[in-house]
């Protein structure tokens with residue numbers, strides 16, 4: 001049983017764009033985005049990339065689960081793990097799924113149903129035996145999914161829109177900021193306000209500053225911009241996240257060294273890593 005004051009984030013998938021497990025990514029991980037945030041006896045999940053399958057394997061044997069899953073956006077690398085999440089197939093479990101980027105053109109249920117529709121997928125979401133509900137909100141809303149837990153939201157700069165999150169519990173805060181592209185004329189003030197003074201900031205660091213000009217407009221940022229952003233917002237620990245599939249373990253080791261020199265205490269996300277504010 002979790003301690004009532006437990007507040008932590010565990011990384012189940014740290015890679016961006018496409019899963020790339022293998023010998024060259026074994027230390028940092030090759031699964032796509034999925035975080036588990038624990039607030040006392042309450043669990044939240046952020047994004048449903050391929051890392052969600054591994055989390056589901058752990059949760060499947062833990063008895064009835066009542067939890068919320070929040071999506072930054074619905075690009076495939078952030079939702080493709082949902083059909084393989086074992087707790088969805090266990091009667092008695094309850095999950096509320098949330099998205100703030102789809103209205104008014106779409107709803108979350110519509111998007112996920114279409115993802116699991118023939119000829120792209122063999123079975124529809126109706127095969128889930130757990131209670132699964134779909135909830136759309138307006139980005140910028142403040143959500144209170146559980147007593148004592150506040151989830152603040154803000155828009156990110158990404159094709160088809162995305163949402164950044166700030167989770168507050170027991171006087172501490174964890175921010176999850178992916179996928180987003182920085183602006184060329186200064187700090188993104190939407191993000192700066194959201195992460196102001198935060199204890200942990202998990203940031204889209206797909207590229208380096210040197211690589212970024214070749215990928216401008218793709219909707220992603222750099223670890224150096226993450227440093228500039230957390231400095232401007234007077235936040236504490238920066239966590240480099242959403243690693244490019246072409247960045248192998250040696251490349252990520254080099255980024256870790258550069259980031260530590262640039263801003264001591266900066267971390268590079270690894271699958272299985274747990275952080276506490």
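Points worth noting:
- Top-ranked residue in region 109-119 [being touching a helix residue (DSSP H, G or I) at 6+ places or on another chain (Cβ under 9 Å) and not in a loop (DSSP other than H, G, I, E, B); ranked as surrounded by the fewest Cβ atoms within 10 Å (Cβ to Cβ)]: 113
- Breaking point among (1) part of a loop (DSSP other than H, G, I, E, B); (2) without any contact (Cβ under 8 Å) to a residue 60 or more places away in the chain; (3) under 17 Å from the mean Cα position of the chain (by Cα); (4) over 20 Å from residue 96 (Cα atoms), for residue 122: (3)
- Residue in region 216-226 that is at pLDDT 95 or above, touching a helix residue (DSSP H, G or I) at 6+ places or on another chain (Cβ under 7 Å) and surrounded by 24 or more Cβ atoms within 10 Å (Cβ to Cβ) present: yes
- Strands (runs of 3 or more DSSP E) within region 1-59 that include 2 or more residues under 15 Å from residue 84 (Cβ atoms) and touching a residue at least 24 places away in the same chain (Cβ under 8 Å): 7-13
- Odd one out for residue 268, checked against (1) in contact with a strand residue (DSSP E or B) (Cβ under 6 Å, 6 or more places away or on another chain); (2) crowded, with 21+ Cβ neighbours inside 10 Å; (3) closer than 26 Å to residue 101 by Cβ: (3)
- Test result for residue 73, closer than 27 Å to residue 183 by Cα and in contact (Cβ under 8 Å) with a residue 40 or more places away in the chain: yes
- Residues that are in a strand (DSSP E or B) and over 22 Å from residue 65 (Cα atoms), drawn from region 125-157: 142, 152, 153, 154, 155, 156
- Note on region 60-70: among residues that are in contact (Cβ under 8 Å) with a residue 12 or more places away in the chain and farther than 27 Å from residue 171 by Cα, the one that is surrounded by the most Cβ atoms within 10 Å (Cβ to Cβ) is 60.
- Top-ranked residue in region 92-101 [being surrounded by 15 or more Cβ atoms within 10 Å (Cβ to Cβ) and either under 22 Å from residue 129 (Cα atoms) or free of Cβ contacts under 8 Å to residues at least 40 places away in the same chain (or both); ranked as farthest from the chain's Cα centre (by Cα)]: 93
- The requirement of being touching a strand residue (DSSP E or B) at 6+ places or on another chain (Cβ under 7 Å) and on the phi > 0 side of the Ramachandran plot is not satisfied by residue 220.
- Flag for residue 159 being surrounded by fewer than 23 Cβ atoms within 10 Å (Cβ to Cβ) and touching a helix residue (DSSP H, G or I) at 6+ places or on another chain (Cβ under 9 Å): no
- Of all residues making up region 78-91, the number that are over 14 Å from the mean Cα position of the chain (by Cα), surrounded by 20 or more Cβ atoms within 10 Å (Cβ to Cβ) and either in contact (Cβ under 8 Å) with a residue 60 or more places away in the chain or assigned to a loop (DSSP other than H, G, I, E, B) (or both): 1
The values are calculated or read from the model by the stated rules, or taken from the named source; none is laboratory data. Predicted model only: the values in this text are computed from it and were never measured. Positions of Cβ are backbone-derived with ideal geometry, glycine not excepted, and every protein chain shown enters the neighbour counts.
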